[in-house]
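A.B. asks: If you scroll down you'll find the structure; I have some questions about it.
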Amino acid sequence: MLFSELKPGQVAEIKAINAGELHARRLYEMGFLPCTRISMEHVATMGSPVIAGIRGFSIILGKKDADSIEVEVISE
């Protein structure tokens, strides 16, 4: 499942970043690493941007970034 498919309030664990090397490195540097818990805090009306909760921070991601993060849902 992709991070962009989560509903607000859902918590998931990052399984992989499916992006090019530079794009993936940028996400890794922001803390989006495999086995890290991530939550969907808010989705804009048109689906972009989204607000991700990760490591105690709220990070705004565009649709392209959210689509490149593969997750497994932990809680609804």
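A.B. asks: Might you check whether a residue that is part of a helix (DSSP H, G or I), among the hydroxyl-bearing types (Ser, Thr, Tyr) and surrounded by 15 or more Cβ atoms within 10 Å (Cβ to Cβ) occurs anywhere in region 2-21?
C.D. replies: Of all residues in region 2-21, those part of a helix (DSSP H, G or I) come to 3-5, 21.
Add one more test, that the residue is among the hydroxyl-bearing types (Ser, Thr, Tyr), and what stays is 4.
This time we only want the ones that are surrounded by 15 or more Cβ atoms within 10 Å (Cβ to Cβ), so: 4.
The answer is yes, given that some residue of region 2-21 is part of a helix (DSSP H, G or I), among the hydroxyl-bearing types (Ser, Thr, Tyr) and surrounded by 15 or more Cβ atoms within 10 Å (Cβ to Cβ).
A.B. asks: While we're here: It is to be established whether one or more residues within region 44-54 are without any contact (Cβ under 8 Å) to a residue 40 or more places away in the chain and in contact with a His (Cβ under 7 Å, 6 or more places away or on another chain).
C.D. replies: Looking for residues that are without any contact (Cβ under 8 Å) to a residue 40 or more places away in the chain and in contact with a His (Cβ under 7 Å, 6 or more places away or on another chain), one finds at least one in region 44-54, hence yes.
A.B. asks: Can you tell me which condition residue 48 does not meet? The list is (1) over 18 Å from residue 75 (Cα atoms); (2) in a strand (DSSP E or B); (3) in contact with a Gly (Cβ under 6 Å, 6 or more places away or on another chain), and all the others hold.
C.D. replies: (2)
Read the figures in this text as sums done on the coordinates, not as results from a lab. This structure is a prediction, so every number in the text was calculated from the model and none was measured. In this analysis, Cβ positions are derived from the backbone assuming ideal geometry, glycine residues included, and neighbour counts consider all displayed protein chains.
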